[in-house]
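S.K.: Got a structure here, written out as structure tokens. Questions coming.
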Amino acid sequence: MHFAASILTADFGRLREEIQEAERAGVDWIHLDVMDGVFVPNLTFGPILVEAVRRVTALPLDVHLMIVHPERYLEDFAHAGADHITVHVEATYHPHRAVERIKDLGKKAGLAINPGTPLQAFEPLLPYLDLALLMTVNPGFGGQRYIPTSTERIRGLKALRDRLNPGCLIEVDGGVNARTVGEVYQAGADVAVVGSALFNGRPVADNLRALREVLE
Ligand code: DX5
Ligand code: ZN
């Protein structure tokens, strides 16, 4: 399983060090949570920060847009250095158009769904996706508890993915820690986003090792 480190709970005053520590520890991607205070009840950052992160790491930048009408900013995030751009199906009238635009920009395209959205929302678009991101908490904040019914949804998504687009990666986001990672992996996740279980004041390498040990 791959790990995408979400910087949401990192110390932004020492963001370069935090990211470089995660890179040295062996995380696979850096996950950037962009929030607009409308789609989710929190605000974070935009392309300027993505650009700054691009300058301090060679790891793939996995940009998760929790913003309404994300098509307005796809080009900006692509130019800022995003490698993957994920939009929410609930945030746009035209998710297929957004996904195609991301690929036209030369980036990997992801689609995300909230915990309250039926899994079937993926069905028409799965053949076009590089990533299918399943939220396992309500988006907006780091450090929330994994919603237990998510495990069945991961299994369902895996079945859909295997049937419609075996090359698409299943990414799970929210509440993944040493207690939940085993279940998430068993259910079929290819990539786990991890925020507070990696950036929490303890060494990232120790935290990552604790997650990997569960999977051995
Ligand atoms: C929630 C974000 C997540 C979050 C994960 O809105 O999409 O990426 O930062 O954080 P943890 O791992 O703390 O749940
Ligand atoms: Zn995220």
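S.K.: Return yes when R161 is away from ligand 2 (no atom under 14 Å from the Cβ), closer than 26 Å to K107 by Cβ and in contact (Cβ under 8 Å) with a residue 12 or more places away in the chain and no when it is not.
M.R.: yes
S.K.: Right, here's the next one. Condition check: touching a residue at least 60 places away in the same chain (Cβ under 8 Å), within 15 Å of ligand 1 (Cβ to nearest atom) and not small (G, A, S). Does L211 satisfy that? Step through it out loud before you land on a result.
M.R.: Values: touching a residue at least 60 places away in the same chain (Cβ under 8 Å): yes; within 15 Å of ligand 1 (Cβ to nearest atom): yes; not small (G, A, S): yes.
So L211 fits the description; yes.
S.K.: May I ask you to list the residues in segment 20-45 that are more than 23 Å from A189 (Cβ to Cβ) and aliphatic (A, V, I, L, M)?
M.R.: V38, L43
S.K.: Another question, then. Condition first: touching a residue at least 60 places away in the same chain (Cβ under 8 Å), within 16 Å of ligand 2 (Cβ to nearest atom), of a type in the set (A, V, I, L, M) and closer than 21 Å to D28 by Cβ. Can you find one or more residues in segment 145-156 that meet it?
M.R.: no
S.K.: Still on this structure, I have one more. Condition check: surrounded by 18 or more Cβ atoms within 10 Å (Cβ to Cβ), under 25 Å from P127 (Cα atoms) and at pLDDT 95 or above. Does F77 satisfy that?
M.R.: yes
S.K.: Anything in segment 38-72 that is more than 16 Å from ligand 2 (Cβ to nearest atom) and not β-branched (V, I, T)? List them, or say none.
M.R.: Scanning segment 38-72 gives P47, E51, A52, R54, R55, A58, H69, E71, R72.
S.K.: What is the number of the single condition among (1) surrounded by fewer than 16 Cβ atoms within 10 Å (Cβ to Cβ); (2) out of contact with any Gly (no Cβ under 8 Å at 6 or more places or on another chain) that L215 does not meet?
M.R.: (2)
For every residue, the table says whether it meets (1) among the charged types (D, E, K, R); (2) touching a Leu at 6+ places or on another chain (Cβ under 6 Å); (3) more than 14 Å from ligand 1 (Cβ to nearest atom); (4) outside any helix (DSSP H, G or I).
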{"residue": "R14", "(1), (2), (3), (4)": "yes, no, yes, no"}
{"residue": "H31", "(1), (2), (3), (4)": "no, no, no, yes"}
{"residue": "F45", "(1), (2), (3), (4)": "no, no, no, yes"}
{"residue": "E51", "(1), (2), (3), (4)": "yes, no, yes, no"}
{"residue": "D62", "(1), (2), (3), (4)": "yes, no, no, yes"}
{"residue": "E71", "(1), (2), (3), (4)": "yes, no, yes, no"}
{"residue": "F77", "(1), (2), (3), (4)": "no, no, yes, no"}
{"residue": "A82", "(1), (2), (3), (4)": "no, yes, yes, yes"}
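S.K.: Any residue that is closer than 19 Å to M1 by Cβ, aliphatic (A, V, I, L, M), crowded, with 22+ Cβ neighbours inside 10 Å and away from ligand 2 (no atom under 16 Å from the Cβ) - is there at least one of those in segment 191-205?
M.R.: The answer is yes, given that some residue of segment 191-205 is closer than 19 Å to M1 by Cβ, aliphatic (A, V, I, L, M), crowded, with 22+ Cβ neighbours inside 10 Å and away from ligand 2 (no atom under 16 Å from the Cβ).
S.K.: Give all pairs with beta carbons closer than 7 Å in which a residue from segment 3-26 that is more than 14 Å from V53 (Cβ to Cβ) meets a residue that is in a loop (DSSP other than H, G, I, E, B) and aliphatic (A, V, I, L, M); count only pairs at least 6 apart in sequence or on separate chains.
M.R.: F3/V27
S.K.: Under 6 Å between Cβ atoms, at least 6 apart or on separate chains: pull out the pairs that start in segment 131-142 with a residue that is in contact (Cβ under 8 Å) with a residue 24 or more places away in the chain and at positive phi and end on any residue that is in a loop (DSSP other than H, G, I, E, B) and more than 6 Å from ligand 1 (Cβ to nearest atom).
M.R.: Between residues of segment 131-142 that are in contact (Cβ under 8 Å) with a residue 24 or more places away in the chain and at positive phi and residues that are in a loop (DSSP other than H, G, I, E, B) and more than 6 Å from ligand 1 (Cβ to nearest atom), the close pairs are G140/V40; G140/P41; G140/N42.
The values are calculated or read from the model by the stated rules, or taken from the named source; none is laboratory data. For clarity, every value in this text was computed on a predicted model and none was experimentally measured. Please note: Cβ atoms are built from the backbone with ideal geometry, for glycine as well, and neighbour counts cover all protein chains shown.
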